[in-house]
Amino acid sequence: MTKFKLGEKRPLVISGPCSVETREQTLETCVRLAETGVVDMLRGGVWKPRTSPGTFEGVGLKGLAWMAEAKRLTGLPIGVEVASAKHVEGALEFEVDCVWIGARTTVSPFAVQEIAEALKGSGVSVLIKNPMNPDIDLWAGAVKRFAAVGIPIEDIGLIHRGFQYFGQSRYRNAPMWPLAFEMRSRFPEMMMICDPSHMAGSTEYLLELSQAAADLRYDGLIVESHCNPSEALSDAAQQVVPGELERLISSVNWRRDAVDDPEFVQALNRFRDEIDQIDAELFDLLSRRMRVSERIGRVKKDNDVVILQSSRWGEIRDRVLAQSERLGLSPEFLNAILEAVHVESIERQNSVMN
Ligand code: PEP
Ligand code: MN
């Protein structure tokens, strides 16, 4: 088999079980996945860093032997998660083509450093998952550690699996797409792969997240698949059988980057001009609003009154939110804007008063 190279195929589709559990489960899942013809690499977790102790922590080295057998049977490259130098040693011994750094490991600079050093010179690709928490510098720091030991940048890729989020989210892990865009602008040459399984936490949302990733120009997908998901020892709710994986991948529309058609270009430019015009007005209005806030600050100062008048703010918010439906803007979006406006407005008043 020729050496696996990241970036040679786009979109890259990686699939396999969350956890390697038994030889039969591994081989059956992987062979059925290979038969779909839509999978470019097999994945399997043999060491499972779990949030809670007492849950399934993986079968270890013997699982690597099963993954290696799946590679021989299918001719597909294999990838496993590593969380320590010892894991890397095992993975290299079994000739894995790719390793990935899990979200619970990316948060730990010591672990990332020792993995990078163990992987140095191996020629094996590494995919770095975003850390559990929405910290771009930590994610970027992990990339830099691999690059600093001399791993070629083209052998390093990123996996966006969403962020742990305290509050209400439709998904198990909130995508927070703009954070991944920021990461991409820091490492524009690096592959960005979406992990809709860990974002979704449920098979129900796999397609909408995969399509969103395709529309945002991601370079591939990593999706968990199990021959018998309801019996899976980890992440049962988010795994699909190989046949469903095939349907999912075939349903995603990887649209073209652009077309030369002059009519399309003209229509696009017209709408872009319109947006630029609206943005200009929008920010002029915000600027005016902030200048009024400063005037309020001056009046409050002259009368020695506190800045924060919470009932007034509550009224403003209620009034705007009541318009949510008419405006066609979600309450979440309106709240986020209001929050930003409020913070800046208090800031302005504060600077005038003190
Ligand atoms: C996994 O890929 O099975 C896994 C544990 O993912 P994450 O590190 O994204 O939670
Ligand atoms: Mn998993």
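Note: relative contact order over region 12-251, using C-alpha pairs below 8 Å and six or more positions apart, is 19 percent. Exposure proxy ranking for Ile136, Ile337, based on other Cβ atoms within 10 angstrom of each Cβ and starting from the fewest, stands as Ile337, Ile136.
Here the Gaussian network model covers the chain, with springs between Cα atoms less than 10 Å apart; of Met67, Met192, Met290, Met290 fluctuates the most.
Separation of region 133-192 and region 229-288, taken as the distance between their Cα centroids, equals 19 angstrom. Treating r as the C-beta distance of Arg247 and Ser310 and R0 as 41 Å, the FRET efficiency rounds to 0.20. Want the number for Glu344 to Leu73: 0.36 nm per residue separation, take away the alpha-carbon distance, what's left? Taking 0.36 nm per residue and subtracting the Cα distance, the gain is 91.5 nm.
Which residue fluctuates most in the GNM of the chain (Cα springs below 10 Å): Trp254, Trp313, Trp100? Greatest mean-square fluctuation among the candidates belongs to Trp313. R0 = 25 Å: FRET efficiency of Thr2 with Ser185, Cβ-based, nearest 0.05? Computed FRET efficiency for Thr2 and Ser185: 0.20. Estimated purely from DSSP H runs of n ≥ 4, each contributing -39500 (n - 2.57), the mean residue ellipticity at 222 nm for the chain is -16000 deg cm²/dmol once divided by its residues. The overall shape of region 1-124, judged from the alpha-carbon gyration tensor, is oblate: a/c is not under 1.5, and a/b is no greater than b/c. Inter-label distance, Ile278 to Glu95: 5.6 nm, where each label sits 7 Å from its Cα along the C-beta direction. Listed values for region 280-295 are Karplus-derived 3J(HN,Hα) couplings in whole Hz (6.51 cos²θ - 1.76 cosθ + 1.60, θ = phi - 60°), namely 4, 5, 4, 6, 4, 5, 4, 4, 4, 4, 5, 5, 5, 4, 4, 5, and x replaces Gly and Pro. Over the chain, with a Gaussian network built from C-alpha contacts below 10 Å, which listed residue (Ser210, Ser15, Ser169) shows the highest mean-square fluctuation? Between Ser210, Ser15, Ser169, it is Ser169 that shows the largest mean-square fluctuation. Each Lys and Arg adds +1 at its Cβ and each Asp and Glu adds -1 at its Cβ; summed about the Cα centre, region 12-251 shows a dipole of about 400 debye.
Taking all Cα-Cα distances within region 262-353, those exceeding 20 Å account for 53%. Sorted into 20 angstrom bins from 0, the C-alpha pair distances of the chain split as 26, 47, 24, 4, 0 percent.
Using a cut-off of 28 Å between alpha-carbon atoms, which lysines can reach Lys120, once sequence neighbours fewer than 8 places away in the same chain are excluded? Partners found: Lys3, Lys5, Lys9, Lys48, Lys62, Lys71, Lys86, Lys129, Lys144. Working from label points 7 Å from Cα in the Cα-to-Cβ sense, the Ala267 to Tyr165 distance is 3.1 nm.
Computed from backbone phi, the HN-Hα couplings of region 347-354 come to 4, 5, 4, 4, 5, 6, 7, 10 Hz, rounded to whole numbers (Karplus: 6.51 cos²θ - 1.76 cosθ + 1.60, θ = phi - 60°; Gly and Pro given as x). Relative to the current alpha-carbon distance between Lys120 and Arg319, full extension at 0.36 nm per residue lengthens the span by 65.8 nm. Converting phi to 3J(HN,Hα) with the Karplus coefficients 6.51, -1.76 and 1.60 and the offset θ = phi - 60°, region 171-180 yields 10, 4, 10, 5, x, 6, 3, x, 5, 5 Hz in sequence order, with x at every glycine or proline. Taking the alpha-carbon centroid of each part, what is the distance from region 1-52 to region 70-108 in angstrom? Region 1-52 and region 70-108 have Cα centres spaced 11 Å from each other. Put a dot 7 Å past the Cα of Leu329, heading toward its Cβ, do the same for Glu24, and the two dots end up 5.8 nm apart. When the trypsin sites (Lys or Arg not before Pro) in region 1-78 are filtered for DSSP coil states and for at most 10 other beta-carbon atoms within 10 Å of their beta-carbon, the remaining sites are Lys3. Among the trypsin sites (Lys or Arg not before Pro) in region 144-240, those located in a DSSP loop and surrounded by at most 14 other Cβ atoms within 10 Å of their own Cβ are Arg170, Arg217. With 0.36 nm allotted per residue and the present C-alpha distance subtracted, the Asp137-Arg298 stretch has 54.0 nm of extension available.
Laboratory data are not the source of any read-out in this text; all were calculated from the coordinates shown. Please read these numbers as outputs of a predicted model, since none were measured by experiment. Reconstructed Cβ throughout: ideal geometry from the backbone, glycine too, with neighbour counts over all protein chains shown.
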